[in-house]
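The block underneath contains the structure these notes are about, expressed in structure tokens.
A short reminder: the numbers here are calculations on the coordinates, not readings from a lab. Every value quoted in this text rests on a predicted model; they were computed, and no experiment measured them. Neighbour counts are summed over all protein chains in view; Cβ atoms, including those assigned to glycine, are modelled from backbone coordinates with ideal geometry.
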Amino acid sequence: MVKIGSKAPDFTANTTKGPIALSQFRGKWVLLFAHPADFTPVCTTEFIQFAKRHKEFKDLDCEVIGLSVDSIYSHIEWLRHMEESAKVKFDFPVVADPDKVVANLYDLINPELGLTVRGVFFIDPEGILRFAMYYPIPFGRNIDEILRSLKALQTVDKYGVACPVDWQPGQDVIIPPPQTIDEADKRAKAGAERWYLTRKKI
């Protein structure tokens, strides 16, 4: 099973934008997301929203890559239909993985149905898997939460802090806890919420 903090499995695959390798995006964040099947209702609603909000990911220096075990021809027809009906444009690649090579690398196969589950992965500019979330097949993802997660990861990296529950960009963050009793006493005397819990603005 792929694990957070480990090197993201590299792959080369055919996509709706031509062949790509995951490693070609080194230096940028990557969102890799899988859907169960083309021409399905929940996936259609998700893809339309990813297309509408693609610029928000690009503005955060994040490349978006879709994935399912459908053929390239199925992907092309499905995307063309959504572009026509929903008036959107798909500027990100969608991996065709009929042999399930990439899906197996990322533990995405539902063994009972043979479909890819709704996996979401963030891979950092160094090629390290930093975030993984799996949704069950019957319901769609929350793109606001996916974007919030990316912003949290980037904030953690930039400032060396942590993000508390329900954190939103612009809110206070948490600084690392003290490593000595003297530092703990100093934090407490300075009015920290708890000696091990200190918030700050960035």
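Counting trypsin sites (Lys or Arg not before Pro) as exposed when in a DSSP loop with at most 12 other beta carbons within 10 Å, what is the longest stretch of the chain free of them?
Looking at the chain, 90-200 is the longest stretch - no exposed trypsin sites (Lys or Arg not before Pro) with at most 12 other Cβ atoms within 10 Å.
Where Rh is the Kirkwood radius over the Cα pairs of segment 160-202, the temperature 25 °C and the viscosity 0.890 mPa s, what D in µm²/s does Stokes-Einstein return? Please report the intermediate quantities before stating the final value.
Working: Rh = 10.8 Å.
Roughly 227 µm²/s, to the nearest whole number.
Near K200, which lysines are there with a Cα under 20 Å away, not counting those fewer than 8 places off in the same chain?
Answer for K200, where 20 Å is the Cα cut-off: K151, K158, K186, K189, listed by chain and number.
Between the alpha-carbon centers of segment 8-83 and segment 122-148, tell me the distance in whole angstrom.
Between the Cα centre of segment 8-83 and that of segment 122-148, the gap is 13 Å.
Can you return the aspartates and glutamates within cross-link range of K100? Criterion is Cα-Cα under 12 Å, with same-chain partners fewer than 8 residues away left out.
Reachable aspartates and glutamates: D70.
What are the principal axis extents of the Cα atoms in the chain, in Å, biggest first?
Largest to smallest, the principal-axis extents are 65, 34, 32 Å.
Specify, per residue and in Å³, the volume enclosed by the convex hull of the alpha carbon atoms belonging to segment 40-108.
90 Å³
How large is the charge dipole for segment 12-142, taken about the Cα centre, if only the Cβ atoms of Lys, Arg (+1) and Asp, Glu (-1) carry charge, to the nearest 20 debye?
Details: 14 positive and 17 negative charges, 66 e Å.
So the magnitude is around 320 debye.
Running a GNM on the chain with Cα contacts under 10 Å, which residue among V165, V102, V64 ends up with the highest mean-square fluctuation?
Sorting by GNM fluctuation, first place goes to V165.
Scan the chain and report its longest stretch carrying no GluC sites (Glu not before Pro) that are both in a DSSP loop and have at most 14 other Cβ atoms within 10 Å.
1-111
Can you tell me the length gained on complete extension of the stretch K89 to T12, counting 0.36 nm per residue apart and subtracting the Cα distance?
Going from the current span to full extension adds 25.3 nm.
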